[in-house]
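Input: a single structure, listed below in structure tokens.
Taken together, the values in this text are just the output of simple stated rules run on the coordinates, not laboratory data. On a predicted model such as this, the values are computed, not experimentally measured, just so you know. All Cβ positions, even for glycine, are placed from backbone atoms using ideal geometry, and neighbour counts span all protein chains on display.
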Amino acid sequence: MAEEINMPSLGQTTEDIKILAWRKSEGDAVKQGDVLLEVETDKATLEVEAYTSGVLLKIMRAAGEVVEAGSPIAIIGQPGESAAAPSKAATVSAEAASLSIPGKAPAVTPPAAAPPGKVLASPVARKLAIDHSVDIAQVTGSGPGGRVEKEDVLAYVERQKTPVAPAAAPAAPQITEAPRHRRALAERLSRSFREIPHIYVTVRVDMTEARKFLAAWPQAGKPRLTYTHLLLQSAARALRAEPRANRVWLDDGRIKTFTQANVGLAVAGEDSLIVVTIPEPDRMTLDELASYAEAATGRARAGRLTGSDLAECALTISNLGMYRVDEFSAIIDPQQAAILAVGRVADEPVVLEGQVAIAIRPRMTVTLSADHRVIDGVAAAKFLDAFRADLEKGV
């Protein structure tokens, strides 16, 4: 029986989703798990997989169209069936439609050609073309189906370079339209800072034991460990110790308390900031956590997040320590209740309790920005105390 395929809801992303390209054409055989089409949201490019097997009888929405989540986009049935829209009973729900699954290779099928007048290009390639004032239609694509990739734009820019005589006056500032993901980020953070009553609580953490552990870790065949992996595990344990920090305020005045200790991780992309969810990092071994986090941050930077990367969580970690930042405060994501801003680990002179002499110890400053509607000062302090104690005791 023919089934109507709806555009899936994509977790934390916008409900308006742009179809970039169809990977299957009408009449093609489709197996459950095959990639049907490629879409773009305000955060990333994602692949939508077939929920059922059969034949793609009809494509209802074309590449280039912006579709609301839950809207019908295609009909899959058996050979010879009518391509007319089936009854509601046969419709595949938006939640049932599948996104790409981590670790599962997508079907190797070339993307459909772009519609007339539309250049098939990745979001990063389009952004680079705007930044370098390049007409993307003049760039030859090397990707599947002639898709223009980042490297194609960079190569085109390099070929166009010619010696320029010294200008008599500095060039005027360049004004370009902000890309979609940057506009969405600006809107979300502006709304957060405007509507969420932020409170800030700061603690200093002795990282002696953490530093010793990481120094002794390197082993053949083991994934690389950093302070970030230890921070993720300690944050999850602190959420379990102080459940009032593991909840969010809903717009209708209710409070949602999470049962899982998921932790978001802020990832810097090309002129973008993306948060990926690490599911219950304290339940993973450090080997598992390091491998999972590496894969998740790779997907974030490539703009190819999966459904699990967008899972709900109350807290995000933003670590700028690797850039030699001492301390900072961050803005809460509007769908969360807190963000932990982490500075660098640096040797400092300290007076240890009960001792007269000054010692040199590695220390780190962390600042919790919390939504005061659900996290009071005491709850924030208890969360940070549990977080600090877990890091200081060592692994």
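Quick look at the values:
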{"read-out": "Over 24 Å (Cα to Cα) - which of LYS31/LYS127; LYS31/LYS58; LYS58/LYS150; LYS24/LYS127 fall in this group", "value": "LYS31/LYS127; LYS58/LYS150; LYS24/LYS127"}
{"read-out": "Aspartates and glutamates whose Cα lies under 13 Å from that of LYS212, excluding same-chain neighbours fewer than 8 positions away", "value": "GLU392"}
{"read-out": "From the coordinates shown, Rg and Dmax of the Cα atoms in Å corresponds to which of (1) 24.5, 88; (2) 21.4, 79; (3) 19.3, 56", "value": "(1)"}
{"read-out": "The chain - mean residue ellipticity at 222 nm from DSSP helices (-39,500 (n - 2.57) per run, n ≥ 4, rounded to 500)", "value": "-7500 deg cm²/dmol"}
{"read-out": "For GLU68, residues with placed amide H under 5 Å, excluding near neighbours", "value": "ILE17"}
{"read-out": "In the range 42-76, the trypsin sites (Lys or Arg not before Pro) that fall in loop regions by DSSP, at most 12 other Cβ within 10 Å", "value": "none"}
{"read-out": "Whole-number percent relative contact order across the chain, with pairs defined as alpha carbons under 8 Å at least 6 apart", "value": "16 percent"}
{"read-out": "Three-way shape call for the range 181-393 based on the alpha-carbon gyration tensor, with the a/c threshold at 1.5", "value": "oblate"}
{"read-out": "Angle between the chain longest axis and helix 227-241 axis [Cα atoms, degrees, rounded to 10]", "value": "80 degrees"}
{"read-out": "The chain: antiparallel DSSP beta bridges as a percent of all, rounded to 5", "value": "85 percent"}
{"read-out": "Degrees between helix 286-302 axis and first principal axis of the chain (Cα, 0 to 90, nearest 10)", "value": "50 degrees"}
{"read-out": "Cross-link reach list, aspartates and glutamates versus LYS393, counting only Cα pairs under 17 Å and skipping chain neighbours closer than eight places", "value": "ASP206, GLU209, ASP282, GLU353, ASP385"}
{"read-out": "Approximate spin-label separation GLU270-THR208, in nm, with each point projected 7 Å along Cα-to-Cβ", "value": "4.6 nm"}
